[in-house]
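The values are calculated or read from the model by the stated rules, or taken from the named source; none is laboratory data. Quick caveat, the model's predicted, so the values are computed rather than measured. When we count neighbours, we look across all protein chains shown, and the Cβ atoms used for this are built from the backbone with ideal geometry, even at glycine. Areas reflect the complete protein model, heavy atoms only, side chains present, ligands, DNA and RNA absent. Shrake-Rupley method; radii C 1.70, N 1.55, O 1.52, S 1.80 Å.
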Amino acid sequence: MGSNGGPASAMQGFREAEDAWESCTIRKRKKDGRVKVVWDDGSTAVLQEDQIREKPQRPKKPLKEALRHRLPPHKFVMAPMVGGSELPFRMLARRYGVQTCYTPMIYSGPFASDASYRAAPENGFHTCEGDRPLVAHFCGNDPQVLLKAAKHVAHQVDAIDLNLGCPQRIAHSGHFGSYLLDEPDRELVCSIIRTLADGLPIPVFCKIRLLDDLEATLKMVRQFEAAGASLIAVHARYRGTATRRRDGPAHLEQVAAIKKVVKVPVLSNGNVRTWEDVMNNLETTGADGVMSAEGMLDDPCLYANARQAADSPELEEVQKKLRIVAKLEKRAAAGEELTEKQQAKIKRKGTLLERQASLSAGPEAPSSGLAKARLYLKEIKKYWIPPLSTIIFHCRRMAKRELTEYQLLEDFVKCTSQAEVEKMLTEAEGYRDNPGSFKFSEEKAKKAREEREKKIYEEECRKKFEARMARKAARMGVAVSELLKPTAVPGGKLHFNSEPTWLQEQTGCGLGDGGQRKRKPGPKTATDSNQIPVGKRHRAK
């Protein structure tokens, strides 16, 4: 042991004052067998031979294993959102405390095989140099297809996430998302996780929903961990069915139970709208991090207090990279020839310095929703202009309070161009800055009430229609999704006779009329395939 170490050997010595083994360097061996050492703090001591030992060496993992488990910082996370977590919105949120972002959901099938599909930003994957750490969020049910898709982006992201949480009808019909959580598909899902974990040089995450039984959920997460999942994000709501989505507040107590049975990090998703909610969620669940979707859509500055509230692993990682760059610069200045990879690290110094400044201080978060919408518009001009519907969606969510206050919301959602969006934001800002200039309109207020009543009415009709289709599916012995395929439920974008088919569910959906409302006028007979009532359409098949 110690007798084999010459001068200046790295060893461990037993420091009696601390009652612990600590790192030291052998300075001199005395004739009586004692050893003079220097502790890491610069002080010295003379120890007996049995108080010296070689510093234990941790077994080195293969590079692939080491990379697989090198997780990005994950205490404050933006959730994957279709049409919501696109590049410009991610870059906006990164200014204000978000550590890691997920991409929108990416369909693994076309992404794996179609280069033109991969190149289109609207299909889910679009990034830039400053967009890290980043998790690519894939859906699918074929291990090899998912692996092929993930390999296309593995060098551009920090982890791959498997979507096991989507409850939408498209997930039911495509057999992915939360509809893979049932016991009969368990081996398939574990096979997907194993395939990705073995075939990729980066970690594999899973985003799940709760099963109806807690013990079944606990069994499931243990299986996913054993299969190779390096992190599990839990949307703490039940999966529901193809016609039933949310079921009220998230069940955070179940996240706490999950955290106790797995060793991998757990993210808690649900019941987060404010910074106080973030802190309460962490305290209630004991989770390693919080993931937010709805809260971030309303306020991309949700995590702005994170720098003052917690340590920043991401900042530490950036500073570590800057120290490496400094050493490389010193070696280059001494005339040493650097490899291309080392030169590339030096070229990234500017980006690292900008990220360090952002993490260390960061801009003050704006309190106004209009100001946040303006910042988002700047980001889209810098990175990518998404579809107009996405622009309206984000700006409406962020500036909803002001747009509602100045009676602009109903007109805002009908904007037909980005210029019109900016014009209406300017109008709202004018009212805000000159309070006397805004005049409340009773006519607009009445119209807004009618619009809200109409939406409530149509939602009731849609639910009633879905319930009827569910009963019909049960009688026919088919999946309810088969009867709902020709309709636009939910959303009403595909119209029949100038209105969504589910508006035929008139009886009992009225508002303030004793549950009765007359059917809207329209043709009673169908003249083309788009006008065939749902029941008749299926009989025609």
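Scanning the stretch 151-171 for residues that are assigned to a helix (DSSP H, G or I) and in contact with a strand residue (DSSP E or B) (Cβ under 8 Å, 6 or more places away or on another chain) yields a single hit, 171.
Looking at the stretch 172-199, which of its residues are of a type in the set (D, E, K, R), in a helix (DSSP H, G or I), within 17 Å of residue 216 (Cβ to Cβ) and open to solvent by 20 Å² or more (accessible area, probe 1.4 Å)? 183, 185, 187 - these are the residues of the stretch 172-199 that are of a type in the set (D, E, K, R), in a helix (DSSP H, G or I), within 17 Å of residue 216 (Cβ to Cβ) and open to solvent by 20 Å² or more (accessible area, probe 1.4 Å).
Of the residues in the stretch 70-78, at least one is modelled with pLDDT under 95, open to solvent by less than 60 Å² (accessible area, probe 1.4 Å) and among the hydrophobic types (A, V, I, L, M, F, W, C).
With under 29 Å from residue 376 (Cβ atoms), at pLDDT 85 or above and not in a helix (DSSP H, G or I) as the only criterion, which of 439, 444, 493, 423 stands out?
Within the list 439, 444, 493, 423, the selection yields 439.
Is it the case that some residue within the stretch 373-393 is touching a residue at least 40 places away in the same chain (Cβ under 8 Å) and touching a Ser or Thr at 6+ places or on another chain (Cβ under 6 Å)? The answer is no; no qualifying residue exists.
Residue count for the stretch 151-169 under the criterion of being out of contact with any His (no Cβ under 8 Å at 6 or more places or on another chain), closer than 18 Å to residue 87 by Cα and open to solvent by less than 50 Å² (accessible area, probe 1.4 Å): the result is 6.
Evaluating residue 457 against the criteria (1) under 30 Å from residue 405 (Cα atoms); (2) of a type in the set (Ser, Thr, Tyr); (3) at pLDDT below 85 leaves one unmet condition, (3).
In the stretch 449-469, the residues that are under 22 Å from residue 479 (Cα atoms) reach residues that are open to solvent by less than 70 Å² (accessible area, probe 1.4 Å) and part of a helix (DSSP H, G or I) with C-beta atoms within less than 6 angstrom, at least six apart or across chains, in these pairs: 461/502; 461/503; 462/502; 465/502; 469/480; 469/483; 469/484.
Contact map, the stretch 260-281: first residue under 17 Å from residue 205 (Cβ atoms) and open to solvent by less than 50 Å² (accessible area, probe 1.4 Å), second residue modelled with pLDDT of 95 or more and charged (D, E, K, R), Cβ cut-off under 6 Å, separation 6 or more or different chains; pairs are 262/225; 264/225; 265/288; 266/259; 266/288. Looking across the stretch 326-357, the residues that are in a helix (DSSP H, G or I) and polar (S, T, N, Q) come down to 342, 343, 351, 356.
Just checking, how many residues over the stretch 376-398 are open to solvent by 20 Å² or more (accessible area, probe 1.4 Å) and more than 22 Å from residue 408 (Cα to Cα)? The number of residues fulfilling the criteria is 5. Selection of the stretch 403-420 for residues being out of contact with any Asp or Glu (no Cβ under 7 Å at 6 or more places or on another chain) and either open to solvent by less than 10 Å² (accessible area, probe 1.4 Å) or part of a loop (DSSP other than H, G, I, E, B) (or both) yields 403, 406, 407, 412, 413, 414, 415, 416, 417.
Criterion first (within 23 Å of the chain's Cα centre (by Cα) and under 22 Å from residue 297 (Cβ atoms)) does residue 388 satisfy it? It is true that residue 388 is within 23 Å of the chain's Cα centre (by Cα) and under 22 Å from residue 297 (Cβ atoms).
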